[in-house]
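Beneath this line is the structure, given in structure tokens, with notes to follow.
What follows draws every value from the coordinates through simple rules; no lab data is involved. A quick note: this is a predicted structure, and the numbers were derived from the prediction, not measured. With ideal geometry, Cβ positions are generated from the backbone for all residues, glycine too; neighbour counts draw on all protein chains shown.
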Amino acid sequence: MNIVKHLNGLNSQPSPKKRSRFWNNPTLTTIFLSSILATYLDLFFVGKQMYHFPIRPLPEVFSINITFPLAGVPVLAFVFLQVMSRVNKWGKVGLIVFISLLMTIFEKFSELIGWFEHASTWNHLYTFFGYLLFLTIIYSFYRGLEKRKG
């Protein structure tokens, strides 16, 4: 028979659950969010038939090209966050505008080589403003995590 005695004077509270290092790392958490957000945005716009991907891996399984949101976006988000941490306020604004313009150009190039097709109602300004909003949200989320971390 085992007897467990309570230690008198021990008023310690149970320690709170510790989150994994992944969730404590603002960069990794933001990269994960950006990948998930990009995937769901692609799924939404493909579902609304605003665009589609004629060439994609596993077309019988995925309606979107999973390569960009699951590989390209994390790499680009990492580089984006690293550069954003090194520039001043106006540099941040300029970088977001520059990347948004660059993605609009890349989108047009992707159409020319057959990776991407838009509906006839698509306007490439949607891409510019979409990336402007996407990058602003991603960076704001990252800054919020950084402030919360300490």
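Quick look at the numbers
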| quantity | calculated |
| --- | --- |
| Selection of GluC sites (Glu not before Pro), region 57-150, meeting DSSP coil and at most 13 other Cβ within 10 Å | GLU60 |
| Pairwise Cα inverse-distance average, inverted: Kirkwood Rh of region 28-149 (Å) | 15.2 |
